[in-house]
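These notes are about the structure you will find just below.
The values are calculated or read from the model by the stated rules, or taken from the named source; none is laboratory data. None of these values were measured; they are calculated from a predicted model. Here the Cβ positions follow ideal geometry from the backbone for every residue, glycine too, while neighbour counts run over all protein chains shown. Quick note on the areas: whole protein, heavy atoms, side chains included, nothing else; ligands and nucleic acids left out. Shrake-Rupley method; radii C 1.70, N 1.55, O 1.52, S 1.80 Å.
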Amino acid sequence: MQLRRAVNYEFFMSMFHGESPMHFATTAMVNGPLSLEQIQAAGLKLQQRHPLLRAKVVFDEHGDPWMAQGQVPEIPIEEVQGSWGCCEIESNGKEDHWTAILERELPVFFDLQKGPFVRFIWL
C-alpha cells in the first residue's frame, strides 16, 4: 500500500469528518439511452485515471492522516427510479426533482477510511 502525507485540504477534510460534511455535487444530463453497465464502466475508468478515487485515509499512531492507495471499493452507484419515493418527494412532472435528492445526499459523509470519495446517483 502506497502512503503519502495528506495535503492541506485532505488534512482539513479528515479532521472535520463526522462534524461537518465538506462535499460538493456535480450534475449532468444525458440525452439518449444509457445503461447501468455503461455508468459502472465509466466509474471504473475514472478510478483508473484519478488517484484520489483509489485512495482512503489511514491515521498513524499520532492521529495524523495519510492518503493510502490500495484496496478501495468501486464507485457506488445508486439507481433511483419512478416516483422518487426514496426522497419522499413528488416530481409533479417537473425537472427539478433532482434537487431534493441532492439535498438528501449532501449531508451524507463518506467513509474516509474505506473510500472512495465519490458516489453516483442515477435518476
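Would you please give the FRET efficiency between Phe59 and Met29, computed as 1/(1 + (r/R0)^6) with r the Cβ-Cβ distance and R0 = 35 Å, to the nearest 0.05?
E(calc), rounded to 0.05, equals 0.35.
Run the 1.4 Å probe and let me know the accessible area of Trp98, rounded to the nearest 10 Å².
Approximately 100 Å² for this residue.
For region 24-82, what is the per residue volume of the convex hull drawn over the alpha-carbon atoms, in cubic angstrom?
Spelled out: Cα convex hull of region 24-82, divided by residues, is 133 Å³.
Roughly what would the spin-label model give for Leu102 and Ile39, points 7 Å off Cα along C-beta, in nm?
In this crude label model, Leu102 to Ile39 measures out at 1.7 nm.
Where in region 37-81 does the label zone of Leu123 land, with the point 7 angstrom along Cα→C-beta and an amide N cut-off under 12 Å?
Residues 80-81 qualify, since their backbone N sits under 12 Å from the label point.
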